[in-house]
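Asker: Input: one structure, supplied below.
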Amino acid sequence: MARTVRNVKLTTRSARAKLPMRREPYWTVISEGCALGYRRGDRGGTWIGKFRDDTGRRHYEALGAADDARDPDGLSVFSFAQAQERAREFFRLKAREAAGDMAPHEGPYTVASAIADYLRAYERRGGKALYTTRLAANTHILPAIGSLPVQKLTARRIEAWHHALSEQRPRLRTKRGKDQKYRKPDLSTDGTRKRRATANRVLTV
């Protein structure tokens, strides 16, 4: 985890409560061209990310609510430290866009978005398992967690998905548009080992 930048005016809710309300956010520089802002409102504050690209253009992103009225949960309400981590995700995304590594993305950046970017990059660099990698993503990853914003992809969620994957019945080839067919599960030690090996291969993707 990156080092948390200090700002005595923003670190605690009691310190933020003393700030006058204004339209312009209170900014904390995280790194060159990257800043985290706090805007105080009547019902609590919000965190804002600001990224300046090589042309000098500024990009802004609403990151979520500050923990002024509610305890932080890392999902919709963020402490100052959590807001910095969320802002860094935004900075990395905009830096990749500026470098041409991916197309600009509108809306929440989901697991499906990340998989699509990964597959495009994999194809560009001549990956030799593109078909099986795409098949694994379409079959085992996207239906389960594809709509999940990457900010909510916690270790616990990945572990739960990985465990469920290792417990799935083996699939049979099924005609498109038909209900998926399955083989009878092999409950032997070797069958369990094979399912776990398959789950681990998908996890690698």
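Asker: With over 16 Å from the mean Cα position of the chain (by Cα) and either without any contact (Cβ under 8 Å) to a residue 24 or more places away in the chain or over 28 Å from Glu32 (Cα atoms) (or both) as the only criterion, which of Ser79, Ser147 stands out? Working first, answer last.
Answerer: Values: Ser147 fails: over 16 Å from the mean Cα position of the chain (by Cα).
Unique residue meeting the criteria: Ser79.
Asker: Let me ask another. Determine whether Ala114 is aliphatic (A, V, I, L, M), under 26 Å from Ala199 (Cα atoms) and under 20 Å from the mean Cα position of the chain (by Cα).
Answerer: Numbers: aliphatic (A, V, I, L, M): yes; under 26 Å from Ala199 (Cα atoms): yes; under 20 Å from the mean Cα position of the chain (by Cα): yes.
In short, yes.
Asker: Answer yes or no as to whether Asp73 is under 22 Å from Pro108 (Cβ atoms) and part of a loop (DSSP other than H, G, I, E, B). Please lay out each step first, then the result.
Answerer: Values: under 22 Å from Pro108 (Cβ atoms): yes; part of a loop (DSSP other than H, G, I, E, B): yes.
The answer is yes for Asp73.
Asker: Filter the stretch 66-92 for residues that are under 13 Å from Arg16 (Cβ atoms), out of contact with any Phe, Trp or Tyr (no Cβ under 7 Å at 6 or more places or on another chain) and of a type in the set (Gly, Ala, Ser) and give the result.
Answerer: Ala69, Ser79
Asker: Further, regarding this structure: Which one of these is over 29 Å from Ala114 (Cα atoms), touching a strand residue (DSSP E or B) at 6+ places or on another chain (Cβ under 7 Å) and touching a residue at least 40 places away in the same chain (Cβ under 8 Å): Arg86, Arg70, Arg16, Arg39? Can you show your working first?
Answerer: Values: Arg86 fails: over 29 Å from Ala114 (Cα atoms); Arg70 fails: touching a residue at least 40 places away in the same chain (Cβ under 8 Å); Arg39 fails: touching a residue at least 40 places away in the same chain (Cβ under 8 Å).
On inspection, the qualifying residue turns out to be Arg16.
Asker: Out of the stretch 191-205, which residues are in a helix (DSSP H, G or I), among the aliphatic types (A, V, I, L, M) and surrounded by 13 or more Cβ atoms within 10 Å (Cβ to Cβ)? Give the steps one after another, and end with the answer.
Answerer: Just the residues of the stretch 191-205 that are in a helix (DSSP H, G or I), to begin with: 191-204.
After this cut, where a residue has to be among the aliphatic types (A, V, I, L, M) as well, the list is 197, 199, 202-203.
Across the stretch 191-205, the qualifying residues are Ala199, Val202, Leu203.
Asker: Do you know which of the residues in the stretch 42-61 that are touching a strand residue (DSSP E or B) at 6+ places or on another chain (Cβ under 6 Å) and among the hydroxyl-bearing types (Ser, Thr, Tyr) is least open to solvent (accessible area, probe 1.4 Å)?
Answerer: Filtering first and then ranking leaves Thr46.
Asker: Return the total of residues in the stretch 109-152 being modelled with pLDDT of 85 or more, assigned to a loop (DSSP other than H, G, I, E, B) and open to solvent by 40 Å² or more (accessible area, probe 1.4 Å).
Answerer: Total satisfying the criteria: 1.
The values are calculated or read from the model by the stated rules, or taken from the named source; none is laboratory data. What you see is a predicted model, and the numbers here were worked out from it, not measured in a lab. Note that each Cβ is placed from the backbone with ideal geometry, even for glycine, and that neighbours are counted across all protein chains shown. Surface areas here come from the heavy atoms of the whole protein model, side chains and all, with no ligands, DNA or RNA. Shrake-Rupley method; radii C 1.70, N 1.55, O 1.52, S 1.80 Å.
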